[in-house]
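Colleague: I have a structure I would like to understand better, so I am pasting it below and will then ask my questions one at a time.
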Amino acid sequence: MDKDNETILEVKNLRKRYGDKEVVKGISFEVKRGEVFGILGPNGAGKTTTFEMIEAMRSIDGGEITVDGIDVQKDPWAVRRIIGVQPQSPSFQDKQKLSEIIEMFAATYGERVNVQEFLDDVNLGEKINDFAENLSGGQRQRLSIAAALVHNPRVFFLDEPTTGLDPQARRNLWKLIEHIRDKGVTVMLTTHYMDEAEILCDRVAIMDRGQIIQLDTPKNLIKQLLAKGFKKEQKVEQANLEDVFIDLTGKALRD
Amino acid sequence: MHGILIIAAAVALVVVRVLIKRGRKASGAKQPSAPKRPLSPWQKKLYTVLVFTKLNTRRFFRDRLALFFGILFPLIFLFVFGGINSGSGNISFNVALLNRSDTAFAKQFAQQLDKSKTFKVNKTITSFSDAKERMTRSQVDATIVLPQGFGEVKSGAPSGQAQVYYTQNDATSGQTLTTVLDGEFKGINNKFVQAQVPLTVKGVTLSNKSLTSFDYAFAGLLGFSIIGLGIFGPINVFPELKKQGILRRLHTTPIRVWQYFLSTMFSQAMIGLISISVMFIAAISVFHLKVVGNYFEIALFVVLSIFMILGIGLAIGGWAKNERQAAPLSNIIVFPMLFLSGTFFPRFLMPEWLQKITSFLPLTPVIDGIRLLTTEGKHLVDIAPQLGLMAIWMLVVYIIAFRVFRWE
């Protein structure tokens, strides 16, 4: 089988209900090894719940999930060994140094790692002896990413990674995600920002009310829409306000 | 004994500092050496526990609030309770002394009285009217008056009659005081006049030491400190960790509940040993606590006690989703133990039926065990009933703790 087209994640007819409300209504999709796969959708669409079921954090009410050949329901602990998870709003215990946080997360896998290297990788090498509570929002995101990668996971999950970040930090994070993908890690992410999905994702699934209503590459999705005769009201300017902002304030990271 | 204890404490502190420094080096800028050979799965699991233990302990010593509640707070209690209890062991009288005699004997007697432990002489009182007023306000128990000419030497020996004045309310202490003074005079008399006294009484101190009220209070205070570490620690920390999603994040890694519990047990035990050593040092050096037991056995027992009590904290903190759930539940469990297990007053003061019931509370064998080991010189084999009860509780609380634990 062609390595590029190998399936690493398979979701079949997945269901989840909370009380009377079915939040995930039998969704199915496959993710290829090494791709960046996005799940887009409004709040309450079921994105986070879907992620949590794949991450073995929530019980599954119906259907199947296989991660790199491992059935999540049958062997959740084996799945935890090969995935990395970036939570929506990462936080750390006070009075813990960055080095200790990396050491601690590596230890959860029984591993000992070169802490400096991992912190350098996310541009936090100089802060190795700082306490985590003194970091800015973007720095905390990057620390959390470093902590999620200590065991070389095969699939990396990011739940709305750029919510609340300034444009510079967002762009920096995009670069970081591309860098992770280039190492061969499969990346799964959810986002509210369409520009983010367009830039980062190889394919996106659009979810609403617990169902996947479209799944394709961003380009194809746009093509399909245009083919339906869609036209934006006006498209004169070749730049938007964010381009202005970045032009004025620069791309350099502020933190 | 003091010396050994202080040296032991100093050595312990140095060891802790060195461990912390070494830990810093390993995690700091210097390259950590990669493990020489791959660890077995079990070694990896224990390595996880080791790192979490180390980091938990280190975090505790950086956190001023935790340090205050873990070490200083029990120490303050020790000084408050020690101060209350230490005086009650001996009888003493507050007296006013009015010396109207100028004989050498009277002067000498006044000096002796001042030095005596039984009498606390209030020197500000110089007139009888002042003394009388103070007596009515119970500031002094009695007034001793040495009249003019007291102690004048007549036929080879000093003579005279001292008067003891006391109010009706203080009749008991007044009479006791009179008897005490009478006894002292008889002793002096005997030196001058050799008389055969047909009937005498002599008090003999037994070599067995009885427990002072401070001994009881000390064991109770250690119990209080163990409750603080074992229950208040986790119930404050866990809901916060859940609120911030820190435990949830950990749950996405392969760490197991038992590894997390075990590392918490180890770090709390280390912190507990340090905190309790500080209390021992204070009790021995300030309140003259006589430790007759074996320190190693005491330390072992304290660690077991912390493990057991911590199980309660882990069960409550691990179950509760937030502070609102944790606080009332912990109060329901902690307060009965504090009042009924002998923390603040000894259980032998309770009616017998209550003693029977309260002997089964988890904290009771802890406090009894500490007292038996520390001040009664018993050994671990002698306190098998306490250890057995603790083992049963340990089993119960940890089964509950594992079952109800929630990562979020």
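Colleague: Does A:R209 qualify as being surrounded by fewer than 20 Cβ atoms within 10 Å (Cβ to Cβ), at pLDDT 95 or above and of a type outside the set (A, V, I, L, M, F, W, C)?
Modeller: Criteria not met by A:R209.
Colleague: Also: Condition first: at pLDDT 95 or above, crowded, with 17+ Cβ neighbours inside 10 Å and among the aromatic types (F, W, Y). Can you find one or more residues in the stretch B:292-308 that meet it?
Modeller: Yes, there is a match, as at least one residue in the stretch B:292-308 is at pLDDT 95 or above, crowded, with 17+ Cβ neighbours inside 10 Å and among the aromatic types (F, W, Y).
Colleague: Are any residues in the stretch B:239-293 in a helix (DSSP H, G or I) and among the small types (G, A, S), and if so, which ones?
Modeller: To start, the set of residues in the stretch B:239-293 that are in a helix (DSSP H, G or I) comprises B:239-243, B:246-251, B:257-287.
Result: B:S263, B:S267, B:A269, B:G272, B:S275, B:S277, B:A282, B:A283, B:S285.
Matching residues to (1) part of a helix (DSSP H, G or I); (2) more than 30 Å from B:F266 (Cβ to Cβ):
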position	(1), (2)
B:L310	yes, no
B:K321	no, no
B:P328	yes, no
B:I332	yes, no
B:F345	no, yes
B:W353	yes, yes
B:K356	yes, yes
B:T364	yes, no
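Colleague: Given (1) more than 7 Å from every other protein chain (Cβ to nearest Cβ); (2) assigned to a loop (DSSP other than H, G, I, E, B), where does A:N129 come up short, assuming only one miss?
Modeller: (1)
Colleague: Could you list, in sequence order, all residues of the stretch A:215-255 that are more than 28 Å from A:L165 (Cα to Cα) and within 22 Å of the chain's Cα centre (by Cα)?
Modeller: A:N220
Colleague: Is at least one residue of the stretch A:49-60 more than 8 Å from every other protein chain (Cβ to nearest Cβ), under 24 Å from B:P38 (Cα atoms) and not hydrophobic (A, V, I, L, M, F, W, C)?
Modeller: No: zero hits.
Colleague: Quick one: A:D216 ticks every box in (1) more than 17 Å from A:F157 (Cβ to Cβ); (2) exposed (fewer than 14 other Cβ atoms within 10 Å of the Cβ) bar one, so which box is it?
Modeller: A:D216 satisfies all of (1) more than 17 Å from A:F157 (Cβ to Cβ); (2) exposed (fewer than 14 other Cβ atoms within 10 Å of the Cβ) except (2).
Colleague: What about B:G317, is it in contact with a helix residue (DSSP H, G or I) (Cβ under 9 Å, 6 or more places away or on another chain), under 27 Å from A:A56 (Cα atoms) and small (G, A, S)?
Modeller: Working: in contact with a helix residue (DSSP H, G or I) (Cβ under 9 Å, 6 or more places away or on another chain): yes; under 27 Å from A:A56 (Cα atoms): yes; small (G, A, S): yes.
Answer is yes for this residue.
Colleague: Out of curiosity, is B:D130 of a type in the set (D, E), buried (at least 16 other Cβ atoms within 10 Å of the Cβ) and not in a loop (DSSP other than H, G, I, E, B)? If you could, list the steps in order and put the result at the bottom.
Modeller: Values: of a type in the set (D, E): yes; buried (at least 16 other Cβ atoms within 10 Å of the Cβ): yes; not in a loop (DSSP other than H, G, I, E, B): yes.
So B:D130 passes the test.
Colleague: When residues of the stretch A:8-63 are filtered for being part of a strand (DSSP E or B), over 16 Å from the mean Cα position of the chain (by Cα) and among the aliphatic types (A, V, I, L, M), how many remain?
Modeller: 5
Colleague: OK, next. Can you confirm whether A:I145 is among the hydrophobic types (A, V, I, L, M, F, W, C), surrounded by 18 or more Cβ atoms within 10 Å (Cβ to Cβ), within 30 Å of A:N13 (Cβ to Cβ) and touching a residue at least 24 places away in the same chain (Cβ under 8 Å)?
Modeller: Judged against the criteria, A:I145 is not a match.
This table checks each residue for (1) hydroxyl-bearing (S, T, Y); (2) under 17 Å from B:T103 (Cβ atoms).
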| site | (1), (2) |
| --- | --- |
| B:F128 | no, no |
| B:A131 | no, no |
| B:G151 | no, yes |
| B:S155 | yes, yes |
| B:P158 | no, yes |
| B:Q161 | no, yes |
| B:A171 | no, no |
| B:T179 | yes, no |
| B:D182 | no, no |
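Colleague: Within the bounds of the stretch B:86-97, is there any residue that is under 17 Å from B:F192 (Cβ atoms) and exposed (fewer than 12 other Cβ atoms within 10 Å of the Cβ)?
Modeller: The answer is no, given that none of the residues of the stretch B:86-97 is under 17 Å from B:F192 (Cβ atoms) and exposed (fewer than 12 other Cβ atoms within 10 Å of the Cβ).
Colleague: Restricting attention to helices (runs of 4 or more DSSP H) lying wholly within the stretch B:7-88, give those where 1 or more residues are modelled with pLDDT of 75 or more and within 14 Å of another protein chain (Cβ to nearest Cβ).
Modeller: Values: elements: B:41-62, B:64-67, B:73-86.
The qualifying helices (runs of 4 or more DSSP H) are B:41-62, B:64-67.
Colleague: I'd like the full set of residues that are outside any loop (DSSP other than H, G, I, E, B), touching a residue at least 12 places away in the same chain (Cβ under 8 Å) and either of a type in the set (A, V, I, L, M, F, W, C) or at the interface with chain B (Cβ under 8 Å from one of its Cβ atoms) (or both), limited to the stretch A:85-103. I'd like the intermediate steps shown before the answer.
Modeller: If we filter the stretch A:85-103 for residues that are outside any loop (DSSP other than H, G, I, E, B), which is where we start, we get A:85-86, A:97-103.
Now restrict to residues that are touching a residue at least 12 places away in the same chain (Cβ under 8 Å): A:85-86, A:97-99, A:101-103.
A:V85, A:K97, A:L98, A:S99, A:I101, A:I102, A:E103 - these are the residues of the stretch A:85-103 that are outside any loop (DSSP other than H, G, I, E, B), touching a residue at least 12 places away in the same chain (Cβ under 8 Å) and either of a type in the set (A, V, I, L, M, F, W, C) or at the interface with chain B (Cβ under 8 Å from one of its Cβ atoms) (or both).
Colleague: Another question, if that's okay. What number of residues in the stretch B:148-159 are touching a residue at least 24 places away in the same chain (Cβ under 8 Å), over 48 Å from the mean Cα position of the chain (by Cα) and outside any strand (DSSP E or B)?
Modeller: Counting residues in the stretch B:148-159 that are touching a residue at least 24 places away in the same chain (Cβ under 8 Å), over 48 Å from the mean Cα position of the chain (by Cα) and outside any strand (DSSP E or B) gives 3.
Colleague: Go through (1) hydrophobic (A, V, I, L, M, F, W, C); (2) modelled with pLDDT of 95 or more; (3) crowded, with 23+ Cβ neighbours inside 10 Å and name the single condition B:A283 misses.
Modeller: All conditions are met except number (2).
Colleague: From the set of residues in the stretch A:132-155 that are among the polar types (S, T, N, Q) and out of contact with any Asp or Glu (no Cβ under 6 Å at 6 or more places or on another chain), which is nearest to the other protein chains (Cβ to nearest Cβ)?
Modeller: Restricting to residues being among the polar types (S, T, N, Q) and out of contact with any Asp or Glu (no Cβ under 6 Å at 6 or more places or on another chain), the top hit is A:S144.
Colleague: Hey, could you check the stretch A:117-126 for residues that are surrounded by fewer than 19 Cβ atoms within 10 Å (Cβ to Cβ) and within 11 Å of chain B (Cβ to nearest Cβ) and say which is farthest from the chain's Cα centre (by Cα)? I'd like the intermediate steps shown before the answer.
Modeller: Initially, the stretch A:117-126 is screened for residues surrounded by fewer than 19 Cβ atoms within 10 Å (Cβ to Cβ), giving A:117, A:120-121, A:123, A:125-126.
Add one more test, that the residue is within 11 Å of chain B (Cβ to nearest Cβ), and what stays is A:117, A:125-126.
Working: A:E117: 22, A:G125: 23, A:E126: 26 Å.
Once the filter is applied, the top-ranked residue is A:E126.
Colleague: Oh, and also: Picking from B:S263, B:S275, which residue would you name as being surrounded by 21 or more Cβ atoms within 10 Å (Cβ to Cβ), within 14 Å of chain A (Cβ to nearest Cβ) and in contact (Cβ under 8 Å) with a residue 40 or more places away in the chain?
Modeller: Every option except B:S263 fails the conditions.
Colleague: Now for a separate question. Please name all residue pairs, on different chains or six or more residues apart, with Cβ atoms under 7 Å, provided the first residue is in the stretch B:232-247 and is free of Cβ contacts under 8 Å to residues at least 40 places away in the same chain and the second residue is in a helix (DSSP H, G or I) and not polar (S, T, N, Q).
Modeller: From residues that are free of Cβ contacts under 8 Å to residues at least 40 places away in the same chain, the pairs are B:L241/B:L247.
The values are calculated or read from the model by the stated rules, or taken from the named source; none is laboratory data. Bear in mind the structure is a predicted one, so any value in this text is a computation, not a measurement. Virtual Cβ from ideal backbone geometry, glycine too; neighbours counted across all protein chains shown.
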